[in-house]
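Here is the structure we will look at, set down as structure tokens.
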Amino acid sequence: MTERLLTVRQAAELLGTTERFPRRLIAERRIVFVKVGRHVRIPEGALEGFISANTVQPITTNRPGFRTVA
């Protein structure tokens with residue numbers, strides 16, 4: 001296995017959140033995680049996948065008088 005395993009703290013830093021958020025994702029089984037003894041690690045790819053799956057693209061429209069953001 002060559003994928004980097006992140007601690008909860010490292011995952012929180014990458015997400016720009018507190019440690020509570022990744023812990024909640026783990027508790028709710030909303031993200032893949034690995035248990036190493038009593039320690040919990042999040043594969044870097046799982047975190048990237050979570051971010052990609054939850055990325056919302058902006059809506060663009062061509063209505064007159066409505067400024068589009070791209």
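The values are calculated or read from the model by the stated rules, or taken from the named source; none is laboratory data. Since the structure is predicted, the reported quantities are computational estimates derived from the model, not experimental observations. Ideal geometry is used to build each Cβ from the backbone, glycine not excepted, and the neighbour counts take in all protein chains shown.
Return the pairs, sorted by first residue and then second, in which the second residue is modelled with pLDDT under 95 and β-branched (Val, Ile, Thr), the first residue lies in the range 7-36 and is assigned to a helix (DSSP H, G or I), the beta carbons are less than 6 Å apart, and the residues are 6+ apart or on different chains.
Filtered contacts from the range 7-36: no entries.
Considering (1) exposed (fewer than 10 other Cβ atoms within 10 Å of the Cβ); (2) modelled with pLDDT of 95 or more, say which one Thr2 fails and leave the rest.
Of the numbered conditions (1) exposed (fewer than 10 other Cβ atoms within 10 Å of the Cβ); (2) modelled with pLDDT of 95 or more, the odd one out for Thr2 is (2).
In the range 21-62, which residues are of a type outside the set (Val, Ile, Thr) and in contact with a helix residue (DSSP H, G or I) (Cβ under 8 Å, 6 or more places away or on another chain)?
Selection gives Phe21, Pro22, Arg23, Leu25, Arg30, Phe33, Leu47, Phe50.
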